[in-house]
Amino acid sequence: MWMKDDEKSRLVAMTREEFDAMMVGKYPKIFSDRNKPMSETCMCWGFDVGPGWHPIVADLCEKIDAVGKKFGVVAVADQVKEKYAGLRFYHHVIMDDSVPHIETELPVSQSDYDVAEGIIDDLVSHAEGESYRICEVCGEYGKTYSKGGWLTAWCEKHAMENGAIGKPVTDEERRKAIEKRSKEIVKELYDNDQAIGTVLEGKKLPIDKVPFRVVVSVIESATRDIDNEE
């Protein structure tokens, strides 16, 4: 992400309410679900990230908005939050009938949609990956720290201020922490006879034989509901 220092500082200085109002006003299609009830969308909770990540979210939305206008699609935000010390920008892409294809002026085709969806997904993945190296408080360079079992992206200054003792969490330590938590959640689902059977096409393996790829598959579909209860 490249952004002028004064613009970055302006975004970081915004309160959550100010940033919310600005983003919804600037990108009404992306955040069209912002004020819908929680029975319909998790976007009702607003932007659940620290000010240090405001520039990342703003830069991402500027890019996906440009892609949407070019291809005639809209990436509608479902939820914007922090999870495991990283940004999560959950979304779904829909065709925007009000925007004809930029070159042919014809309605959006399926091929346009597929290309745009791929670009948007890549932009989101890049922004989410970048967030692990940005302090969620101030926006400066940071790393993943652990405090009381919680993973958070902080710079060294804010890690010390928040009582994160010791060295930053390495990528391998972070991976293991996520794997451990994922398996805990899967075990809860497994014990309650939920989710696992479907993922494994009806074959219920012993819990210690459930491969990590299945854990990841389950966690992506199950943790949204679990997180919303917190």
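Bear in mind that the values in this text are calculations on the coordinates, not laboratory data. Fair warning: this is a prediction, and the values are worked out from it, not measured in the lab. Ideal geometry is used to build each Cβ from the backbone, glycine not excepted, and the neighbour counts take in all protein chains shown.
Show me the three semi-axes of the equivalent ellipsoid for segment 5-131, from the C-alpha gyration tensor (sqrt of 5 times each eigenvalue), largest first, rounded to whole Å.
25, 16, 14
Given a Förster distance of 35 Å, report the FRET efficiency between residue 114 and residue 35 from their Cβ-Cβ distance, rounded to the nearest 0.05.
Calculated value: 0.70.
Once you've got the Cα coordinates, tell me which of 143/176; 8/63; 8/70; 29/143; 147/180 are over 21 Å apart.
Violating the 21 Å limit, Cα to Cα: 8/70; 29/143.
Run the quick spin-label model on residue 48 and residue 121: label points 7 Å from Cα toward the beta carbon, then report their separation in nm to one decimal.
Going by the 7 Å Cα→Cβ label model, 2.4 nm.
Zone of residue 150 (label point 7 Å along Cα→Cβ, backbone N under 20 Å): which residues in segment 24-61?
Correct set: 45-54.
Using a simple charge model, +1 on the beta-carbon of Lys and Arg, -1 on the beta-carbon of Asp and Glu, nothing else, what dipole does segment 5-131 show about its Cα centre, in debye to the nearest 20?
Magnitude of the dipole: close to 360 debye.
Could you tell me, in Å, what Rg and Dmax come out for the Cα atoms of segment 38-94?
Values for segment 38-94 (Cα only, Rg and Dmax): 12.0, 33 Å.
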